[in-house]
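*Asks:* Encoded as structure tokens, here's the structure I'll be asking about.
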Amino acid sequence: MGKYFGTDGVRGVANTELTPELAFKLGRIGGYILTKNTQKPKVLIGRDTRISGEMLEGALVAGLLSIGAEVMRLGVISTPGVAFLTKALSAQAGIMISASHNPVADNGIKFFGPDGFKLLDTQEQEIETLLDQEDTLPRPVGSELGQVNDYFEGGQKYLQFLKQTVQEDFAGLRVALDCAHGAASSLAPHLFADLEADIYTMGTSPNGININAGVGSTHPEALASLVVDKGAHLGLAFDGDADRLIAVDEKGNIVDGDQIMFICAKYMKEQGWLKHNTVVSTVMSNLGFYKGIEEIGVETKQTGVGDRYVMEEMRKGGYNLGGEQSGHIIFLDHITTGDGMLSALQLVNIVKATGKPLSQLAGEMKKYPQVLVNIRVTDKDAVQQNEKVSQVIAKVEEEMAGHGRVLVRPSGTEPLVRVMVEAKTEELCEHFVNEIADVVRAEMGLSE
């Protein structure tokens, strides 16, 4: 990670850390780096529903126009929608304005290349280098300046693509949708209604400040209640930019990204679709995921946390399924990034094709109890060199005697240290995670 770019673009509190001035420079410099070999390059911009989106969009557009780019504004759309359309419309770059699952005060800017993939580390470093230097980039004038147009039809083009990825319609299925008051708010209901599902919705009334507020993939409890109340076959919860999916079975039980990957891997293997018989996951995946995957005869590759690292491994090895416990699932045969709505379609398609309830499909993978604690600190990266933290981790691992797992790491997108423990019982998880978290709090300097 660099000074500006984290594991998923540039993020910060909008208007204090991620300012319009920085957004202007990102548009100008990022646009130049990605399009410098093209005359009148085409750049797409999408955003989620948070209140700061239009402010940052305006600044980005100004920066792009100043280098002569032709800008197409997509309006409110999902992150994977921008990735898909960048490639489908033969644009030179795509930009998404979103902080994903983060609170409304945060926002972010992430870039996509002409192939629809997120930028390479080398490209981000090239942008970072110019951000702190005197601006000597070209300044076209007159007719060489860029222009901006709206392309709100992009959402429909993206939905048409999504519908073509499944073999079944969903007639007869009752599906509950939680759109987090975010980018999926209008897209997901249309998508599932077009596929003949009976739908119930929540989190579909964005007002600029309610994105992710007690709803969406990080708060699936309300969706679980809706599923049970309505007698739905399953529920689907997206995050603010709809690149994540967390599901709920017909009994109201949460089905996380590990379980979704397990279900999809098993079905894809049975259909002969799983390339190299392998799924790519991160170090955060549950021990039960690895045991379940092994039992069905599928191999795994493990990466660091972050869907970009999953993607790198998938592209390197030629794999077509990977993801994270948090709900980023990548179906590389279809799209170049994690996509919550695409994942939802694949999951519902399996429910329809097999005739099995989601509880049965998910129940074939036995999860280990897991507890995750997030600790807000002043210097998140120092945790990896702290001797006392290392000592308490070693002590806990010795007590586990091979029947559990500890992971302590800095967040890639927030000023947090994440402490995760898996053990035989919930009580042991709580005991061990609190033992480690107490040391982290004492050592790392808590921030407000």
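The values are calculated or read from the model by the stated rules, or taken from the named source; none is laboratory data. Remember, predicted model here, so these are calculated numbers, not experimental data. Cβ sites come from the backbone with ideal geometry, for glycine too, and all protein chains shown count toward neighbours. Heavy atoms of the whole protein, side chains included, go into the accessibility calculation; ligands, DNA and RNA do not. Shrake-Rupley method; radii C 1.70, N 1.55, O 1.52, S 1.80 Å.
*Asks:* Among the numbered criteria (1) more than 17 Å from the chain's Cα centre (by Cα); (2) more than 21 Å from Arg405 (Cα to Cα); (3) among the aromatic types (Phe, Trp, Tyr), which single criterion is violated by Tyr290?
*Replies:* Condition not satisfied by Tyr290: (2).
*Asks:* What are the residues in segment 42-51 that are touching a Leu at 6+ places or on another chain (Cβ under 8 Å) and open to solvent by less than 20 Å² (accessible area, probe 1.4 Å), if any? Talk me through it step by step, then tell me what you get.
*Replies:* Within segment 42-51, the subset touching a Leu at 6+ places or on another chain (Cβ under 8 Å) is 42-47.
Matches in segment 42-51: Val43, Leu44, Ile45, Gly46.
*Asks:* Surrounded by fewer than 17 Cβ atoms within 10 Å (Cβ to Cβ), under 27 Å from Thr16 (Cβ atoms) and touching a residue at least 24 places away in the same chain (Cβ under 8 Å), is that true of Ala105? I'd like the intermediate steps shown before the answer.
*Replies:* Working: surrounded by fewer than 17 Cβ atoms within 10 Å (Cβ to Cβ): yes; under 27 Å from Thr16 (Cβ atoms): yes; touching a residue at least 24 places away in the same chain (Cβ under 8 Å): yes.
Answer is yes for this residue.
*Asks:* Next question. Among the listed residues Lys110, Lys25, Lys3, identify the single one that is touching a residue at least 60 places away in the same chain (Cβ under 8 Å), under 22 Å from Ala242 (Cβ atoms) and either within 21 Å of the chain's Cα centre (by Cα) or open to solvent by 10 Å² or more (accessible area, probe 1.4 Å) (or both).
*Replies:* Lys110
*Asks:* Further question: Using the structure shown, decide if Lys380 is of a type in the set (Lys, Arg), touching a His at 6+ places or on another chain (Cβ under 8 Å) and more than 30 Å from Phe170 (Cα to Cα). Break it down into steps so the answer makes sense when it comes.
*Replies:* Working: of a type in the set (Lys, Arg): yes; touching a His at 6+ places or on another chain (Cβ under 8 Å): no; more than 30 Å from Phe170 (Cα to Cα): yes.
So Lys380 fails the test.
*Asks:* Take residues that are of a type outside the set (Val, Ile, Thr) and open to solvent by 10 Å² or more (accessible area, probe 1.4 Å) and tell me which of the strands (runs of 3 or more DSSP E) falling wholly in segment 279-381 contain 2 or more.
*Replies:* Details: elements: 299-303, 321-323, 329-331, 370-376.
It comes to 299-303, 370-376.
*Asks:* Condition first: over 26 Å from Phe161 (Cβ atoms) and out of contact with any helix residue (DSSP H, G or I) (no Cβ under 8 Å at 6 or more places or on another chain). Now tell me which residues in segment 209-223 satisfy that.
*Replies:* Within segment 209-223, Ile209, Asn210, Ala213, Thr218, His219, Pro220, Glu221, Ala222 qualify.
*Asks:* For segment 230-264, name all the residues that are open to solvent by less than 10 Å² (accessible area, probe 1.4 Å), under 18 Å from the mean Cα position of the chain (by Cα) and acidic (Asp, Glu).
*Replies:* Hits for segment 230-264 are Asp239, Asp241, Asp243, Asp258.
*Asks:* Let me ask you something else. Looking only at segment 122-178, how many residues end up being touching a residue at least 60 places away in the same chain (Cβ under 8 Å), of a type in the set (Gly, Ala, Ser) and part of a helix (DSSP H, G or I)?
*Replies:* Number satisfying all stated conditions: 2.
*Asks:* Which is open to solvent by less than 20 Å² (accessible area, probe 1.4 Å), of a type in the set (Ser, Thr, Tyr), touching a Phe, Trp or Tyr at 6+ places or on another chain (Cβ under 6 Å) and closer than 23 Å to Leu187 by Cβ, of Thr86, Thr79? Write out each step before concluding.
*Replies:* Numbers: Thr79 fails: touching a Phe, Trp or Tyr at 6+ places or on another chain (Cβ under 6 Å).
Unique residue meeting the criteria: Thr86.
*Asks:* Is it fair to say Gly208 is more than 26 Å from Lys251 (Cβ to Cβ) and among the small types (Gly, Ala, Ser)?
*Replies:* Details: more than 26 Å from Lys251 (Cβ to Cβ): yes; among the small types (Gly, Ala, Ser): yes.
For Gly208, the condition - more than 26 Å from Lys251 (Cβ to Cβ) and among the small types (Gly, Ala, Ser) - is met.
*Asks:* With the checklist (1) in contact (Cβ under 8 Å) with a residue 24 or more places away in the chain; (2) assigned to a helix (DSSP H, G or I) in hand, flag the one item Ser100 doesn't pass.
*Replies:* Of (1) in contact (Cβ under 8 Å) with a residue 24 or more places away in the chain; (2) assigned to a helix (DSSP H, G or I), only one is false for Ser100: (2).
*Asks:* Which of the following residues is on the phi < 0 side of the Ramachandran plot and touching an Asp or Glu at 6+ places or on another chain (Cβ under 7 Å): Phe152, Phe161, Phe170?
*Replies:* Working: Phe152 fails: touching an Asp or Glu at 6+ places or on another chain (Cβ under 7 Å); Phe161 fails: touching an Asp or Glu at 6+ places or on another chain (Cβ under 7 Å).
Unique residue meeting the criteria: Phe170.
*Asks:* Of all residues in segment 132-170 being of a type in the set (Val, Ile, Thr) and open to solvent by less than 70 Å² (accessible area, probe 1.4 Å), which is nearest to Thr79 (Cα to Cα)? Spell out the reasoning first.
*Replies:* Here is the first cut: in segment 132-170, the ones of a type in the set (Val, Ile, Thr) are 136, 141, 148, 165-166.
Then drop every residue that is not open to solvent by less than 70 Å² (accessible area, probe 1.4 Å), which leaves 148, 165-166.
Details: Val148: 20, Thr165: 18, Val166: 20 Å.
Step by step, filter segment 132-170, then rank; the result is Thr165.
*Asks:* Then there is this: List every residue pair whose Cβ atoms lie under 7 Å apart, where the two residues are 6 or more positions apart in sequence or sit on different chains, the first residue falls within segment 394-419 and is polar (S, T, N, Q), and the second residue, located anywhere, is part of a strand (DSSP E or B).
*Replies:* Listed pairs, sorted by first residue: Ser411/Arg418; Thr413/Gly6; Thr413/Thr7; Thr413/Arg11.
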